[in-house]
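Asks: Handing you a structure now.
The values are calculated or read from the model by the stated rules, or taken from the named source; none is laboratory data. Bear in mind the structure is a predicted one, so any value in this text is a computation, not a measurement. Because the Cβ atoms are built from the backbone with ideal geometry, glycine has one as well, and the counts that use them run over all protein chains shown.
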Amino acid sequence: MNRDENYLDEVSRSVRSDATFSATFAGSLDALRSAGVTDALSASRVCVLATAAAFSGPAVAISEVISEPVWNDAVMTSVLALDRRSANDAGVVAEVGDADLVVLVDGAALHARSVWRGSALGDVLAVSRLLAVGSVGSVLGATMIDPRGGAPTTGMGLFDDVVLSAPAGREQTVRTQELLGSRYTLVELGARSVLTYARAWSILVSDDLVITRAGTATSL
């Protein structure tokens with residue numbers, strides 16, 4: 001049994017069974033403007049959280065989220081939590097905990113995991129209502145996909161039935177499907193797709209959503 005397969009045998013022990021969070025997963029900011037997504041974004045206080053090393057830089061990423069015309073009259077706040085120290089800062093944790101909706105900006109998923117998992121910030125995210133943009137949402141599952149090669153690795157354990165991933169090349173996708181086998185449903189979240197999770201999965205926009213189990217098309 002190789003390292004990846006051994007990991008899959010142990011992953012169920014990492015699931016946070018007490019988690020009560022709910023989340024919306026959007027492939028990109030553009031997807032938030034799609035019909036049928038409005039209710040998922042309804043909130044009176046929205047906190048934009050930049051942790052992952054956002055591809056455009058944290059400040060730009062926060063500005064892009066806040067400038068989206070989807071927030072109506074919500075009070076918008078933002079915080080940076082780029083390392084373990086800030087993820088355990090009482091002020092950062094309180095700001096995130098006070099929000100009705102926390103937006104996780106897109107960026108490097110492995111960096112987000114290293115900051116959130118086992119931190120005070122990670123604990124508050126586990127009981128928050130989240131909107132994850134892009135690939136960063138993959139971190140929230142018990143299993144996430146390492147974007148560097150497509151192998152499964154451990155996430156935060158807030159759900160365990162589905163593995164979220166950004167679309168990858170054909171060769172990497174096949175490798176991921178083979179490593180996951182029939183035990184997990186792989187959801188490749190395209191830039192135009194949106195789905196939600198609240199103890200059960202619901203698809204809001206499926207324009208470029210690909211769902212497979214053991215390489216065969218399936219549904220949530």
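Asks: Inspect the range 33-47 for any residue being touching a Leu at 6+ places or on another chain (Cβ under 9 Å), of a type in the set (Gly, Ala, Ser) and under 14 Å from VAL105 (Cα atoms) and give the result as yes or no.
Replies: Scanning the range 33-47 turns up no residue that is touching a Leu at 6+ places or on another chain (Cβ under 9 Å), of a type in the set (Gly, Ala, Ser) and under 14 Å from VAL105 (Cα atoms).
Asks: If we keep just the residues of the range 72-94 that are under 20 Å from SER42 (Cβ atoms) and at pLDDT 95 or above, which is surrounded by the fewest Cβ atoms within 10 Å (Cβ to Cβ)?
Replies: Within the range 72-94, the first condition is being under 20 Å from SER42 (Cβ atoms), and the residues that meet it are 72-78.
Subset that is at pLDDT 95 or above: 74-78.
Working: ALA74: 16, VAL75: 13, MET76: 16, THR77: 17, SER78: 19.
Taking the candidates together, the pick is VAL75.
Asks: Here's something else I'd like to know. Condition check: modelled with pLDDT under 95, buried (at least 16 other Cβ atoms within 10 Å of the Cβ) and not in a helix (DSSP H, G or I). Does ALA54 satisfy that?
Replies: Spelling it out, ALA54 is indeed modelled with pLDDT under 95, buried (at least 16 other Cβ atoms within 10 Å of the Cβ) and not in a helix (DSSP H, G or I).
Asks: Here's something else I'd like to know. Within the range 141-162, how many residues are out of contact with any helix residue (DSSP H, G or I) (no Cβ under 8 Å at 6 or more places or on another chain) and either surrounded by 22 or more Cβ atoms within 10 Å (Cβ to Cβ) or assigned to a helix (DSSP H, G or I) (or both)?
Replies: Here the count works out to 1.
Asks: Consider the range 98-131. How many of its residues are outside any loop (DSSP other than H, G, I, E, B), in contact (Cβ under 8 Å) with a residue 60 or more places away in the chain and surrounded by fewer than 20 Cβ atoms within 10 Å (Cβ to Cβ)?
Replies: Number satisfying all stated conditions: 2.
Asks: Looking at (1) closer than 18 Å to ALA35 by Cβ; (2) surrounded by fewer than 16 Cβ atoms within 10 Å (Cβ to Cβ); (3) within 16 Å of the chain's Cα centre (by Cα), which is the only condition GLY190 fails?
Replies: (2)
Asks: Within the range 167-177, how many residues turn out to be in contact (Cβ under 8 Å) with a residue 40 or more places away in the chain and either crowded, with 17+ Cβ neighbours inside 10 Å or under 20 Å from ALA142 (Cα atoms) (or both)?
Replies: Step one: list which residues in the range 167-177 are in contact (Cβ under 8 Å) with a residue 40 or more places away in the chain, which gives 167, 174.
Cutting the leftovers down to either crowded, with 17+ Cβ neighbours inside 10 Å or under 20 Å from ALA142 (Cα atoms) (or both) gives us 167.
Matching residues across the range 167-177 total 1.
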